[in-house]
Structure formats: C-alpha cells, structure tokens
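The values are calculated or read from the model by the stated rules, or taken from the named source; none is laboratory data. What you are looking at is a predicted structure, and each value in this text was computed from that prediction instead of being measured. Here the Cβ positions follow ideal geometry from the backbone for every residue, glycine too, while neighbour counts run over all protein chains shown. With ligands, DNA and RNA removed, areas are computed over all heavy atoms of the protein, side chains included. Shrake-Rupley method; radii C 1.70, N 1.55, O 1.52, S 1.80 Å.
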Amino acid sequence: MERRVAERVRGALGPLGFEAHAFKVGWYNAVLQPAFHLPYPDDTLAFVVLSTPSMFDKALKPFVNKEWLEIIRDPVDQCVSHHLSRMKEKFPDQRIDIIFDYEILPSRKPKFLAQTAAHVAGAAYYYQRKDVKLDPWGKKKIYGVCIHPKYGGWFAIRGLLLFPDIQVPFLEQSAPVDCVSTEEKRIELLEQFNFHWQDGRYRDIIEVKERYSEEQKTYFATPPAERFRLLGLTQGQRSTLH
C-alpha cells in the first residue's frame, strides 16, 4: 500500500521539481518533546515534501503565468499550496492532511519542525551543534541546518502530506546521508549558516549536482514585497510571507 501511494505522490510531484520522502509519524514524534508531536498514531504514513532547484522553472513560472490574477500572497507559497492541495484529487478515496512550512500554531510555534521531518524521513541530514564533538561556540546560540546529499543547501522543505487512514507498521526507516562527515566541515557549515548565511556559502559545503539559477538566486535574495515585479506581476499586490 505504502509503495503504491509513494509512487503516485512522487509521480505527481517529481515532474514539478519536488521530492517526497515517506516516514512514519512515530519516527518524528520519538525525537521531539510532546509540545511538537503530530497528533496521529505512530504508524501513520506521512511524506515530507522538498522543492529542488528545478521547481522554479518547472512549477513556479508556469503557475505564475497561469494564475497571476489570483496571486495575492507569496507566489512560491501559493504555488506549493496549489500543487500539494491537488494531491487530494489524486487520492479521492483517501483523507489527506497537509501542513505547510509557514503555518504556525496559536502559540506561535511552527506546526511542524521541517528539518527534523526531513532528517527522520532520510531526505536530508540535519546537522546540529550536538554533531560537533569539540564545540567552539561557548554560550552562543547555534542553529542547525539540513544538507541534501545531491543539492547541498540548494533546496527547501515545503510541507507535509499526512494520510491518517493509512497505517504502515512495516515501513523501514532510511537514515539520511551523512554527507558532511568530518568535524572540520561540520564546524565550517554551522559557522557559515549562523554567522554568514546571507552569502549562501553554506549551501555549497559539499559538491552539489545542481544549484539555483542566477535568476532564482536573485528572486530569493529580493525582499518579498518586491518579488512580484521580478515575476512580471504588476498589480501592486504585497507579499505578507517570506
């Protein structure tokens, strides 16, 4: 069952520049405090969805060209929402719950921890302070970052697809690829991400197969409210999300 569902999910999202990685809710909940747990049984089937560098050309541009009159918030978020929501049409007999990366709870906490989900699903390795043996940062706050074995840091975690009525007790967990395996490289990665993230060097901590195009880099480096102009949208509508 899981394999058939996964094939259909990936068959729909893959040509648009997305990756979908299956996991059990229990894997995610097991590594987090109860306040962050997803409210489903442990064996519930879920997918974490990533956007790869090709999503910009394969999904975003066609979406904007077709839907520009309807775009009233961040075009990327709206494009992702459109394509993930269409998964419900692919599975008319299944309940699908969708959580997007930008959604927050009334407590202001995120609805899910994207990097943790990517790690437990085997999609990308979540490098954190605890992965460095000789910690050089003292009392500084150090944030972790996911690195994809193919795209390095040139990707984004966009959301979860949850199938509450599908239980997969025998789904086997795949460990994420530890592609930043030396102590020195991990320190370099966390240093670059925490203190020099604007220059994007952390994204190339490994040799990548594909990265964002110059056009895409410019788009994401532009303040959200000005991105409409880059996509040829001139209605003067403002983006409220980043």
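Data for the structure
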{"item": "Test: residue in segment 36-47 that is under 30 Å from Ala225 (Cβ atoms), of a type in the set (Val, Ile, Thr) and modelled with pLDDT of 95 or more", "result": "no"}
{"item": "Of all residues in segment 65-93 being modelled with pLDDT of 95 or more and polar (S, T, N, Q), the one that is farthest from Ala12 (Cα to Cα)", "result": "Ser81"}
{"item": "Residue check for Pro106: open to solvent by 40 Å² or more (accessible area, probe 1.4 Å), free of Cβ contacts under 8 Å to residues at least 40 places away in the same chain and within 18 Å of Tyr28 (Cα to Cα)", "result": "no"}
{"item": "Hits in segment 174-201 - residues which are over 30 Å from Lys24 (Cβ atoms), surrounded by 13 or more Cβ atoms within 10 Å (Cβ to Cβ) and of a type outside the set (S, T, N, Q)", "result": "Lys185, Ile187, Glu188, Glu191, Trp197, Gly200, Arg201"}
{"item": "Of all residues making up segment 152-173, the number that are without any contact (Cβ under 8 Å) to a residue 60 or more places away in the chain and open to solvent by 50 Å² or more (accessible area, probe 1.4 Å)", "result": "2"}
{"item": "Segment 1-35: number of residues that are within 21 Å of Arg95 (Cβ to Cβ), in a helix (DSSP H, G or I) and modelled with pLDDT of 95 or more", "result": "14"}
{"item": "Count of segment 120-134 residues which are open to solvent by 30 Å² or more (accessible area, probe 1.4 Å) and in contact with a helix residue (DSSP H, G or I) (Cβ under 9 Å, 6 or more places away or on another chain)", "result": "6"}
{"item": "Residue under evaluation Arg10, criteria (1) free of Cβ contacts under 8 Å to residues at least 24 places away in the same chain; (2) out of contact with any strand residue (DSSP E or B) (no Cβ under 7 Å at 6 or more places or on another chain); (3) open to solvent by 20 Å² or more (accessible area, probe 1.4 Å), criterion not met", "result": "(2)"}
